[in-house]
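Following: one structure in structure tokens, then a few remarks.
The values are calculated or read from the model by the stated rules, or taken from the named source; none is laboratory data. The structure displayed is predicted, hence computed values, not measured ones. Cβ sites come from the backbone with ideal geometry, for glycine too, and all protein chains shown count toward neighbours. Side chains are part of the model used for accessible areas, which takes the heavy atoms of the whole protein and leaves out ligands, DNA and RNA. Shrake-Rupley method; radii C 1.70, N 1.55, O 1.52, S 1.80 Å.
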Amino acid sequence: MAEMSTLHDLFLDELRDVYNAEKQITKALPKMIKAATSQSLRSAFEAHLEETQDQIERLEKVFQSLDERVRGKQCEGMAGIIEEGRTVLEEDMDDVTRDAALIAAAQRVEHYEMAAYGTLVEWARTMGHGEAAELLQETLDEEKAADQKLTEVAESGINQDAAEAAHGPGEKEEEEEPRGRATAPVRTSRSMSTPRR
Ligand SMILES: [Fe+2]
């Protein structure tokens with residue numbers, strides 16, 4: 001990194017990063033679809049897998065609009081998020097809890113992408129790359145919609161079911177009482193799962 005980077009260099013770097021991130025997502029989503037139990041969650045993942053494939057093509061158009069060769073660069077941020085999600089799923093848990101964990105992992109992915117595309121759109125606009133900005137905005141809108149969809153799926157009952165699976169429906173009232181921060185709920189949910197080690 002001897003030469004000084006311009007905003008255009010950063011922009012291309014970020015494009016290559018997100019191009020690679022999208023490719024990682026197309027590999028992770030089929031596994032998430034398999035792991036999901038809720039039909040609505042599975043459909044949301046399936047729809048987003050198709051969208052992600054379109055987003056990859058859209059990024060290729062962005063590179064072309066800039067007269068740049070299409071190429072990616074290992075996105076360590078996305079690799080970390082996906083790896084973290086994978087580790088959580090290795091733990092023993094019931095179906096609704098796994099669905100809640102899948103949504104949490106997927107929303108981290110979406111937020112990472114929203115941050116990346118939000119920056120890219122702004123930089124493209126600032127530098128006068130109108131076509132690139134439009135294409136990137138389309139994807140940013142899709143990522144936001146995907147995130148919103150996941151929130152709806154979570155709120156449609158998965159989180160509630162997962163909470164009940166952890167504490168039992170009879171203890172719901174107790175859950176509403178104010179408690180100390182993380183310690184009490186964490187201990188309760190762990191006592192229901194198989195012991196670690
Ligand atoms: Fe995406």
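A few remarks follow.
- Residue match in region 26-36 (condition: polar (S, T, N, Q) and within 13 Å of the ligand (Cβ to nearest atom)): yes
- Candidate set from region 127-155 (those that are closer than 16 Å to D99 by Cβ and more than 14 Å from the ligand (Cβ to nearest atom)); member that is most open to solvent (accessible area, probe 1.4 Å): E155
- Total residues in region 98-126, condition within 13 Å of the ligand (Cβ to nearest atom), open to solvent by 50 Å² or more (accessible area, probe 1.4 Å) and free of Cβ contacts under 8 Å to residues at least 24 places away in the same chain: 1
- Those residues of region 15-36 which are of a type in the set (S, T, Y) and either in contact (Cβ under 8 Å) with a residue 60 or more places away in the chain or open to solvent by 20 Å² or more (accessible area, probe 1.4 Å) (or both), in sequence order: T26
- Options V88, V70; residue that is surrounded by fewer than 17 Cβ atoms within 10 Å (Cβ to Cβ), touching a helix residue (DSSP H, G or I) at 6+ places or on another chain (Cβ under 8 Å), free of Cβ contacts under 8 Å to residues at least 60 places away in the same chain and within 23 Å of T126 (Cα to Cα): V70
- Counted residues, region 37-66 - those being surrounded by 17 or more Cβ atoms within 10 Å (Cβ to Cβ), within 12 Å of the ligand (Cβ to nearest atom) and of a type in the set (S, T, N, Q): 2
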